[in-house]
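For reference, the structure discussed in these notes is given below.
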């Protein structure tokens, strides 16, 4: 009996696919196709819905909203230039900080500076940062970060106030604490993808570099970094995408004040924070205006991603 | 194996849910949503009320006055709560008719963060100027003049306002507009207003956000509800009222401000600048909003019970929770108006 069973099994290896297999195969293909297209359709539907509700605002305020600087619901004046500026400025600052530390961490964790086990532990801890909810970051920013950076900010303000970046004193919430928290939030994304980029470098290249007599740092900075540049750039673009859309932590930390200032200690506002704080109580006109602002945010994110793809294409580096 | 046990658990859950349906059938469920300002009090009320009336279950979501009114207009809730009532336009959109009832009242305080200043007197023109960004330092002579005996520090004033749209905003800006024509013209009043854009003016979301920002920022001042300042032990400014007297929040000033006011037909009354000599200047009623006609008589009956509880037992809890007990005359008027709800 046992012999018969094993015979059955050995035969089944080279059997042609049964009707059931064929059906399962086809069903799987159809299913994947449906899911892929439903993502595209979902995006189109979201765009259609948001765009549709934004139309009254577009008709009434038009492009003037993009250059207006006042947001006054009672006077029905809506301008989102300070928010656009704040969104770009905070994301850029976060990208500079988060990008620098993210790539440094990636180098540190992939270039045999540490024993394997420590590398793994550190990597998990950094990836854990991505699991912390935005609100917790916001609270941490208010209660821990701001008191810590206040003396530093005061120092820069008193001694270097002639530099426009430090021209105002920090009142608490403001651009700098917001950008700092934002940079920590994008750190796991940047670090994880940059690590992959470094790991993907063929071992031959490393060996060739050392073979030519480079020191460790020459190898890392002159050979590894340029080779991984495509992947690192991809990591930065993804990080920037996350920074642009981040909402709750920023709403709590940025100060939500409609002003355009180069000073990193001044309060500012971002599109995502504006949306989150004004939606719950918005009237019909305001909802339409907010939808318009949402479209602008979507467009900015899209442009940034396209620009990223374009730069990668132009410079000929592959992700 | 794992999957099948999961499935079993799921089936069990469904079965249990199915079983519990007949048991719940006698319970009348009421849902409400709206203002976050009286939410702590309402939640306590509903919990206590549910303990006595086991067959009535009230669920209240504090999402903000505007959102509550919208839910009510869409018919998704049985009642709403709002710090700014409902506008004529909004009332007209509800077919069954609208009955607003003031259920409790509260004070809005100016909480501040100054290490060595235990008591702070603010004359009316000073707090207007602070919130218009004109007085920028705590050692301003106008502040010093009202606080002889206290040395005011040489520190910049950080003004904290609400970033989101809210009933608290409405009440506070309405008060400022009532006492200063200039404020009314330049900033105006509403659920969200256009505060001046200054480097030292920041906005934070919700009462908790403003409270946290004041706590963390030396030299900050901001407006929050009494309960929040009381809970977080923030010092509160003593304000000059219409009669020229300085009154501290949290004491007899609140009930004094409410006394003697005449309610109009729709029960919507603003006390934007109370006249009484010992009145605290920034007080407000807050309303629950009901339909005049409910299709389900059981719901109307349950709501009546809830209103009666709120006006009776509920008022005693109010003072303890940091709200103002309604004056007896007002309670009588509200009881009469509540008869319109059927």
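The values are calculated or read from the model by the stated rules, or taken from the named source; none is laboratory data. These numbers come from a predicted model, not from an experiment. Virtual Cβ from ideal backbone geometry, glycine too; neighbours counted across all protein chains shown.
The residue that is surrounded by the fewest Cβ atoms within 10 Å (Cβ to Cβ), among those in the range A:75-99 that are more than 15 Å from residue A:185 (Cβ to Cβ) and away from every other protein chain (no Cβ under 14 Å), is A:88. The residues of the range A:251-264 that are at the interface with another protein chain (Cβ under 8 Å from one of its Cβ atoms) and touching a helix residue (DSSP H, G or I) at 6+ places or on another chain (Cβ under 7 Å), listed by number, are A:251, A:252, A:256, A:258, A:259, A:263.
Looking at residue A:157, is it within 14 Å of chain B (Cβ to nearest Cβ) and touching a strand residue (DSSP E or B) at 6+ places or on another chain (Cβ under 8 Å)? No.
Yes/no matrix, rows are residues, columns are (1) within 30 Å of residue A:112 (Cβ to Cβ); (2) within 11 Å of another protein chain (Cβ to nearest Cβ); (3) at pLDDT 90 or above:
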residue: A:208; (1), (2), (3): yes, no, yes
residue: A:236; (1), (2), (3): yes, no, yes
residue: A:244; (1), (2), (3): no, no, yes
residue: A:249; (1), (2), (3): no, no, yes
residue: A:267; (1), (2), (3): no, yes, yes
residue: A:270; (1), (2), (3): no, no, yes
residue: A:277; (1), (2), (3): no, yes, no
residue: A:291; (1), (2), (3): no, no, yes
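Within the range B:79-114, the residues that satisfy the criterion of being within 20 Å of the chain's Cα centre (by Cα), touching a residue at least 40 places away in the same chain (Cβ under 8 Å) and in a loop (DSSP other than H, G, I, E, B) are B:83, B:84, B:85, B:86. Considered as a group, the residues in the range B:151-172 that are more than 22 Å from residue B:216 (Cβ to Cβ) and touching a strand residue (DSSP E or B) at 6+ places or on another chain (Cβ under 9 Å) include one that is farthest from the other protein chains (Cβ to nearest Cβ), and that residue is B:171.
Condition check ((1) free of Cβ contacts under 8 Å to residues at least 60 places away in the same chain; (2) over 30 Å from residue B:210 (Cα atoms); (3) surrounded by 12 or more Cβ atoms within 10 Å (Cβ to Cβ)) across all residues:
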| residue | (1), (2), (3) |
| --- | --- |
| A:101 | no, yes, yes |
| A:107 | no, yes, yes |
| A:111 | no, yes, yes |
| A:114 | yes, yes, yes |
| A:119 | yes, yes, yes |
| A:127 | no, yes, yes |
| A:141 | no, no, yes |
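Being touching a strand residue (DSSP E or B) at 6+ places or on another chain (Cβ under 6 Å) and either more than 8 Å from chain A (Cβ to nearest Cβ) or over 26 Å from residue A:169 (Cβ atoms) (or both) is the filter here; which residues of the range B:196-218 pass it? Within the range B:196-218, B:207, B:210, B:211, B:214 meet the criteria. Among the helices (runs of 4 or more DSSP H) confined to the range A:50-128, the ones with at least 2 residues that are within 24 Å of the chain's Cα centre (by Cα) are located at A:81-110, A:116-128. Of all the numbered requirements in (1) over 24 Å from residue B:168 (Cβ atoms); (2) touching a helix residue (DSSP H, G or I) at 6+ places or on another chain (Cβ under 8 Å); (3) not in a helix (DSSP H, G or I), residue B:142 misses one, and that requirement is (3).
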